[in-house]
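Below is one structure; the comments refer to it alone.
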Amino acid sequence: MSVNTSSVKEKSRIRIETCRDDFPVFRREVHGKPLAFLDNAASSQMPYPVMRSYTDYHSRYHSNVHRGVHLLSQEATDAMEASRETLRALINARSKKEIIFTSGTTDAINLVMQSYGRTYIGKGDEIIISTMEHHSNIVPWRMLCDEKKAVLKIIPVSDDGVLDLDAYASLFSERTRFVSIVHVSNTLGTINPVKKMTEIAHRYGVPVLVDGAQAVSHMEVNVQEIGCDFFATSGHKMYGPTGIGILYGREELLLKMPPWRGGGDMILSVSFDEVLFNDLPYKFEAGTPNISGAIGMGKAAEYITAIGYDTIYRKEQELLAYATDRLSGIDGVRIIGTAPEKSSVVSFVLDGIHPHDIGTILDLEGVAVRTGHHCTQPLMERLGLVATTRASMAMYSRKEEIDQLIDALHKAIDIFR
Amino acid sequence: MWHMHIVNDKTSQLYQQVMLDHNKTPRNYRVLDPADHEALGHNPLCGDKYKIFVNIDEHDVVTDVTFIGDGCAISKASASMMTSIIKGKHVDEIDKLFHQFHDMAQGKLDPDTDPNDLGRLKIFAGVRNLPARVKCATLPWHTLHAALQGKEKISTE
């Protein structure tokens, strides 16, 4: 047992060298081979303490939150609100009021689009996003532009996978109303200079949303230091459950945004003629929330904190360098995305073998990778590609898994050549 | 050499030499102009895209069939072998093959025990164990089916 309820506040109690033992999935085999899980950017694995928080809730105090007078409901409310506080601290928001539970990053971005976007963005207004956005940070804004006759402006990206900041600065006009950018690219691993980009936007008085789905498991995020107005992330990309995420929003902005979903929990009083909305953050949390998910996401944040971001970042950067080096040593491999600042993601193409064939052969060798367009079709089109193979490492990843990937790639080459 | 590898059974069953050969040197890989029928098949999930051209005579027999496009080895080999096999066949016969191939890929027809006319196409039976790859094998057949039905575009997901 690495973490229990009495020790969660103590820092650095979990050693990164042995944390892999906390993840039971690594005891299984895939097609008779040990599992080399290199698809962490799609979803990371879950450690025992997170699972235990889930079963604790369901076996000891399963009940609804924020309304019961009985003990179980109070315990559930306390656990969920403690999790909100843990997540606030993780990204250094000023107040718990600024942390809204959502079903994930996509849901968080949609909340901002539906509430802020539909209220404050109109005909002829402009929204800036980048070429390397995930579909979840393109489609909502495309939908808003279609509805409001607003205009989407796109920050270009270099062949290496770096955003052109001069071009970004020149996109601003008196009609610019919003900027939404990805912190870390899921396809390329590029870490974008979101602090600098926020500063530029704020010079024009334009609010900024940062899509942090790929950031929080890899590096320390400080929303006050970045200065962004919104920050979205997901539980399942940071060792927590699926179906849960958070939206951080600056209180000042959240206060002037209308709720976009109506229902229980988001009201103070209801009559057939009038509804008085609840305070932040509950104004945006209509209906019974994903209570066990919220508790699990908080536990995952505690787990990350107990290892420490410095330790995680250092190890993942070593793995990134190792994977990049070994892949570059294979004849015919071209790495896609070579920005100087990268998270532990390596996308590549291999001459003469389609990524889907690579993916199948790797799978049969026990290696899980992602192949395809990674939900970034405009980026792939910009780079002149249909698909890539992507290996993405997490804090528990090992060099042996990368070796297994390399061996499996040699097998694919043997078959195809 | 350290990177000489023994390929496991499932991999070699799926990627048989015949399939790899058709992938590397696809047969009938060209535009047919003029063509009586043509259709574009696209799997948006993986980006596989093929155009199939067919000429049919007055007795509903395929006199020529070709394809162009790109995708994984399974889809390209499937298109190549399909075009080789259906040339000279009656559309009713082709329709029967389409259904048999489809059922085999989905695991509903066992080519070793159930009656069928699949012949060399049996090498695609391996995809039935890989749900993510079934569509790769069947995309060219769906596209051909659409061309013969007079549809110009199909999309599988």
TODO: Subtracting the Cα-Cα distance from 0.36 nm times the residue separation, let me have the gained length for A:Ser95 to A:Phe26 in nm, one decimal.
DONE: 21.1 nm
- [ ] Among A:Val221, A:Gly262, A:Ala321, pick out the residue whose Cα is farthest towards the positive end of the charge dipole of the protein assembly as shown, where Lys and Arg carry +1 and Asp and Glu carry -1 on C-beta, about the Cα centre.
- [x] A:Val221
Open item on the list: Please list, short to long, the whole-number percent of alpha-carbon pairs of region A:116-245 in consecutive 10 angstrom bins beginning at zero.
Closed with: 13, 44, 35, 8, 0
Open item on the list: Given points 7 Å out from each Cα along the Cα-Cβ axis, report the A:Ser63 to B:Asn129 separation in nanometres with one decimal.
Closed with: 5.2 nm
Task: chain A - percent relative contact order, Cα under 8 Å, separation 6 or more - done: 23 percent
Open item on the list: Which residue fluctuates most in the GNM of chain A (Cα springs below 10 Å): A:Ser185, A:Ser269, A:Ser63?
Closed with: A:Ser269
TODO: Note the per residue figure in Å³ for the convex hull of the C-alpha positions in chain B.
DONE: 115 Å³
TODO: List the pair-distance distribution P(r) of region A:304-390, using every Cα-Cα distance, as the percent of pairs falling in each 10 Å bin from 0 up to the bin containing the longest distance, rounded to whole percents.
DONE: 15, 43, 32, 10, 0
Open item on the list: How far apart, in nanometres, would the label points at A:Glu251 and B:His99 be if each is projected 7 angstrom from Cα along the Cα-to-Cβ direction?
Closed with: 6.9 nm
- [ ] Quick one: work out Rg over Rh on the C-alpha atoms of region A:265-417, Rh as Kirkwood radius.
- [x] 1.18
- [ ] Work out the mean other chain Cβ neighbour count within 10 Å for the residues of B:125-133 and drop it here as an integer.
- [x] 2
- [ ] Report the calculated FRET efficiency for A:Tyr204 and A:Asp414 (r = Cβ-Cβ distance, R0 = 41 Å), to the nearest 0.05.
- [x] 0.15
Task: Selection of trypsin sites (Lys or Arg not before Pro), region B:17-54, meeting DSSP coil and at most 15 other Cβ within 10 Å - done: B:Arg30
- [ ] Determine the equivalent ellipsoid of region A:55-305 by diagonalising the alpha-carbon gyration tensor, then write out the semi-axes as square roots of 5 times the eigenvalues, largest first, rounded to whole Å.
- [x] 32, 22, 14
- [ ] Search the structure for amide H atoms under 5 Å from the amide H of B:Asp36, placed 1.01 Å from N in the peptide plane, and list their residues when 5 or more places away or on another chain.
- [x] B:Val54, B:Asn55, B:Ile56
- [ ] Using only atoms on other chains, find how many Cβ atoms lie within 10 Å of each Cβ of peptide A:349-362 and report the average.
- [x] 5
Task: Unit charges at the beta carbon, dipole of region A:55-305: most positive-side option, A:Ala300, A:Ile191, A:Ile128 - done: A:Ile128
Task: P(r) of the protein assembly as shown over all Cα-Cα pairs, binned every 10 Å from zero, in whole percent - done: 3, 16, 22, 22, 19, 12, 5, 1, 0
Task: Label point at A:Glu318 placed 7 Å out along Cα→Cβ; residues across region A:387-417 whose backbone nitrogen lies under 11 Å - done: A:398-399
Task: FRET efficiency estimate (nearest 0.05) - Cβ-Cβ, B:Tyr29 to B:Asp110, R0 30 angstrom - done: 0.45
Open item on the list: Taking R0 as 25 Å, what FRET efficiency do you get between A:Asp331 and A:Asp164 from their Cβ-Cβ distance, rounded to the nearest 0.05?
Closed with: 0.20
Task: Loop-resident sites, region A:218-283, for GluC sites (Glu not before Pro), counting at most 12 other Cβ within 10 Å (DSSP) - done: A:Glu274
Task: Neighbour cut-off at most 12 other Cβ (10 Å), DSSP loop, GluC sites (Glu not before Pro), region A:48-119 - done: none
- [ ] Please tell me which of these pairs span more than 30 angstrom C-alpha to C-alpha: A:Lys149/A:Lys237; B:Lys51/B:Lys96; B:Lys49/B:Lys122; A:Lys149/A:Lys256?
- [x] A:Lys149/A:Lys237
Open item on the list: Compute the angle between helix B:134-149 and the longest alpha-carbon principal axis of chain B, please, reported from 0 to 90 degrees and rounded to the nearest 10.
Closed with: 10 degrees
Task: Shielding by partners, peptide A:410-416 (average Cβ within 10 angstrom, other chains) - done: 5
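Taken together, the values in this text are just the output of simple stated rules run on the coordinates, not laboratory data. Predicted, not measured: the structure shown is a model, and the values here were computed from it. Ideal geometry is used to build each Cβ from the backbone, glycine not excepted, and the neighbour counts take in all protein chains shown.
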